[in-house]
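Below: the structure, in structure tokens.
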Amino acid sequence: MSTQFDVMPLTPAGERLLDAAAELFYRRGIRAVGVDLIAEVAGTTKKTLYDRFGSKDALVALYLRRRAHRWQTFVREQVDRVPPGPGRALAVFDALEAWLAEQDRGCAFVNANAEIGGTGHPGEPVIRAEKAATRALFTELVGGAEDLGAQLHLLYEGANVAVTAGGQADAIDQARRAASRLLEG
């Protein structure tokens with residue numbers, strides 16, 4: 001499946017750098033991680049990093065694109081397992097719960113936006129595009145009803161933040177139940 005977040009193949013050194021950066025950015029934060037550490041963890045040099053990506057900011061944007069691709073692929077696979085009907089929109093909440101069970105710092109896009117949002121960073125459009133893609137997915141799953149898709153997306157985003165930043169363990173379940181009521185009405 002091809003998405004707007006596809007990432008071109010990289011050299012082996014580029015892959016190591018992107019993998020190291022992704023792990024470090026997610027675990028420690030974008031601003032807390034320097035290019036020296038990324039290069040060290042990847043077993044390369046700073047020069048290789050700059051040769052492959054041009055800048056740390058470009059590497060951040062690529063990290064976010066790759067993560068968006070992984071999420072969009074994962075959620076689509078989960079949704080496609082559900083027969084047509086309202087359950088497909090609810091499957092997005094189930095996918096979120098499964099995804100976050102494997103993550104310990106919540107949504108990488110919310111985290112990144114907290115650090116780079118409003119700064120003109122090249123990662124900002126990627127963050128916005130990922131959120132727009134998830135909203136579009138909800139709209140698609142409810143037959144193009146934009147208002148309903150937007151409302152489901154807001155429930156999804158609220159649950160995403162509440163479970164992570166708010167420590168509300170049942171946030172996704174609460175949002176899924178509210179989404180079910182919206183879909184019934």
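Coordinate-derived values only; no laboratory data. Quick caveat, the model's predicted, so the values are computed rather than measured. As a convention, Cβ positions derive from the backbone with ideal geometry for all residues, glycine included, and neighbour counts pool all protein chains shown.
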Given axes a ≥ b ≥ c from the Cα gyration tensor, I'd like to know whether the stretch 122-162 is rounded (a/c under 1.5), prolate (a/b larger than b/c) or oblate. oblate
Nearest 10 degrees is fine. How inclined is helix 86-101 to the longest principal axis of the chain, computing both from alpha carbons? 40
Principal-axis tilt of helix 146-164 within the chain, Cα atoms, nearest 10 degrees: 60
Starting from the 7 Å offset along Cα-to-Cβ, what nm value, one decimal, do you get for the label separation of Arg28 and Asp147? 4.9
On a straight-distance basis, which aspartates and glutamates could pair with Lys47 in a cross-link, Cα separation under 18 angstrom, same-chain partners fewer than 8 positions away excluded? Glu15, Asp19, Asp36, Asp57
Which distance in Å, rounded to a whole number, links the C-alpha centroids of the stretch 15-33 and the stretch 139-185? 29
Which of Pro86, Pro122, Pro12 fluctuates most in a GNM of the chain (C-alpha springs under 10 Å)? That residue is Pro12
Mean ellipticity per residue at 222 nm, deg cm²/dmol - from DSSP H runs of n ≥ 4 across the chain, formula -39500 (n - 2.57): -23500 deg cm²/dmol
Average Cα contact separation per residue, the stretch 118-185, under 8 Å, 6 or more apart, as relative contact order %: 20
Under a straight-distance cross-link criterion of Cα-Cα below 15 Å, which aspartates and glutamates are reachable from Lys131, leaving out those fewer than 8 residues away in the same chain? Glu140, Glu146, Glu157
If you build a Gaussian network model of the chain, linking Cα atoms that sit under 10 Å apart, which residue out of Gly118, Gly14, Gly106 swings the most? Gly118
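If I stretch the segment between Asp19 and Ala98 completely, what's the gain in nm (0.36 nm per residue apart, minus their alpha carbon distance), one decimal?
26.3 nm
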Treating only Lys and Arg (+1) and Asp and Glu (-1) as charged, each at its beta carbon, one finds that the chain has a dipole about its Cα centre, in Debye to the nearest 20, of 340
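Within the P(r) computed for the stretch 8-54, what percentage of the Cα pairs occupies the region above 17 Å? Walk me through the numbers before you get to the answer.
Numbers: 235 of 1081 pairs.
Result for the distance tail: 22 percent.
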Please tell me the relative contact order of the stretch 62-184 in percent, rounded to the nearest whole number, where contacts are Cα pairs under 8 Å and at least six residues apart. 26
Enter the Cα centre distance for the pair the stretch 117-131 and the stretch 43-115, rounded to the nearest angstrom. 14
For the chain, rounded, prolate or oblate, judged on the Cα gyration tensor with a ≥ b ≥ c (square roots of eigenvalues), a/c < 1.5 rounded, else prolate if a/b > b/c? prolate
